[in-house]
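Structure, as structure tokens:
The values are calculated or read from the model by the stated rules, or taken from the named source; none is laboratory data. From a predicted model like this one, the values you see are computed outputs, not experimental measurements. For neighbour counting, all protein chains shown are included, and Cβ atoms are generated from backbone atoms with ideal geometry for every residue, glycine included. To get the accessible areas, we keep the full protein, side chains included, count just its heavy atoms, and leave off ligands, DNA and RNA. Shrake-Rupley method; radii C 1.70, N 1.55, O 1.52, S 1.80 Å.
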Amino acid sequence: MLAALGGCAFAPGGHMDYEVETAPLSDHVTVSPITPALISSYRALPAQTAPADDALVDDIKRYVYRVGGGDILAINLSTPLDLAQETGVQRQTVEALTYIVQPDGTLYYPYVGRINVKDMTVDEVRASLVRGLSRFITDPQVNVSVAQFRSQRVYLSGAVREPGFVPVTDVPLTLIDAISASGGVTELANTHDITLTRDGHQEHLSLYQLLQQGNMRENRLLHDGDVINIPVATDQNVFVLGQVLKPGNMPVGNERLSLTDALSRAGGVDEDRADPSGVFVVRENGPDADKLATVYVLDISDATSLMLGARFPLQPRDVVYVTAAPVSRWNRVLSQLLPSVTSTGAFVSVIDDIEGHLPVTLAGTRRVAWTSAPCWHCSGIVAGG
């Protein structure tokens with residue numbers, strides 16, 4: 001029977017030995033205990049509230065709207081005083097008429113003809129009309145305004161209540177303004193990582209810091225063609241594994257949990273199986289870091305250490321793992337090796353039966369008594385006299 005079973009090793013799908021030369025995984029992680037000094041460093045971080053950048057303030061102050069194809073301009077012409085005296089009519093203002101800027105940026109106005117107004121401000125459009133009308137009217141009085149803004153847009157997609165476009169007008173349009181104009185974000189929005197795409201380049205911003213913490217450095221002045229995407233918070237999870245009462249995936253949305261919060265939501269640690277000195281938080285490092293991840297370790301054998309956990313903020317995709325106590329691991333080994341053995345006497349009888357089938361060279365060694373103890377190198381049983 002043994003020979004027949006041994007032949008399975010050569011059958012298709014049998015076990016095949018292989019060797020992979022890799023560095024130990026511990027070489028790729030940084031281990032950091034959660035201590036009062038570490039918590040103090042978190043608390044010493046500068047406040048998230050921050051004023052807007054000087055560059056943003058200057059851009060808003062200097063902002064002017066420039067006309068483009070599709071805009072509708074309202075133009076009115078007042079009868080000048082000298083013309084009114086010559087014709088004997090009273091000075092009057094002609095009702096403003098609207099004119100559509102063509103897709104190529106040109107505009108037709110009576111007596112002036114077709115002029116190119118693309119990328120002009122309304123003052124520049126007025127000055128161009130005054131020059132054209134001056135050939136027929138002395139000191140023409142012209143007023144120009146934008147009746148409808150239709151040439152420039154900012155697009156919003158993702159978890160917003162009214163996805164679509166927001167027009168760019170003569171009022172500076174910022175990130176906050178655009179999201180407010182679209183009805184705000186939905187409950188499923190991931191406000192920690194929104195994307196602003198401009199001219200093919202992406203910038204990641206935190207709407208959470210902007211709205212919830214008052215960090216105005218996350219605000220931006222928007223331009224024509226900008227695309228804002230607010231993703232759904234599908235990956236905003238914390239994984240709680242190991243010796244807790246309710247292990248699993250814990251969605252956190254836009255809130256930020258502490259380590260103690262996560263353990264509490266998982267039902268707490270299993271006091272019969274958990275090793276209180278082995279609570280780990282595995283956090284992936286950024287792409288520019290030398291190590292793959294950082295492992296934070298908290299010892300909660302002293303219950304007051306949970307205060308440290310309450311001040312340790314978790315990040316999305318963190319893995320919280322509570323290791324098992326040595327006795328629990330040993331009991332697991334026994335339950336896997338001897339599922340039908342329920343007493344010490346039965347355990348000894350099993351050993352006697354095994355010795356009865358061993359070769360003489362092995363079975364000849366007489367034991368006085370058997371006691372079982374865990375062997376952490378081989379996960380087996382050590383026999384002692």
>> Bin width 5 Å, origin at 0, all Cα-Cα pairs of the stretch 168-246: what percent of pairs per bin?
In response: 3, 13, 22, 22, 16, 8, 5, 4, 3, 2, 1, 0
> Ranked from highest to lowest mean number of other Cβ atoms within 10 Å per residue, what is the order of the peptides 237-245, 309-317?
Replying inline: 237-245, 309-317
> How long is the stretch 121-203 along each principal axis, judged by its Cα atoms, biggest number first, in Å?
Replying inline: 62, 26, 15
> Can you give the accessible area of SER301 in Å² (nearest 10), computed on protein heavy atoms with a 1.4 Å probe?
Replying inline: 80
> Can you give the FRET efficiency for ASP290 and ILE176, using 1/(1 + (r/R0)^6), R0 = 45 Å, r = Cβ-Cβ distance, to the nearest 0.05?
Replying inline: 0.75
> Probe 1.4 Å, all protein chains in place: accessible area of THR98 in Å², nearest 10?
Replying inline: 90
>> Could you compute how much accessible surface MET120 exposes when probed at 1.4 Å, giving the result in Å² to the nearest 10?
In response: 40
>> Quick query: amide H of ASP318 versus all other amide H atoms, modeled in the peptide plane; which residues come in under 5 Å with a sequence gap of 5 or more or a different chain?
In response: PHE239
>> Order 194-200, 288-294, 65-71 from most to least packed using the mean count of other Cβ atoms within 10 Å.
In response: 65-71, 194-200, 288-294
> Just going by the charge dipole of the stretch 184-261, with Lys and Arg at +1 and Asp and Glu at -1 on Cβ, which of GLN213, THR197, VAL227 is farthest out on the positive end?
Replying inline: GLN213
> Once both labels are modelled 7 Å past Cα along the beta-carbon direction, what's the VAL227-GLU203 spacing in nm?
Replying inline: 1.7
>> Test of understanding: express the Cα radius of gyration of the stretch 221-266 as a ratio to 2.2 N^0.38 Å, with N the residue count.
In response: 1.74
> Could you give me the ³J(HN,Hα) list for the stretch 50-60, computed from phi with Karplus coefficients 6.51, -1.76, 1.60 and θ = phi - 60°, whole Hz, x at Gly and Pro?
Replying inline: 8, x, 5, 4, 4, 4, 5, 4, 5, 4, 5
>> Going by Cα centres, the stretch 211-255 and the stretch 115-149 are how many Å apart?
In response: 49
>> If each residue of separation counts as 0.36 nm, what is the full-extension length gain between PHE165 and LEU245 once their alpha-carbon separation is subtracted?
In response: 24.0 nm
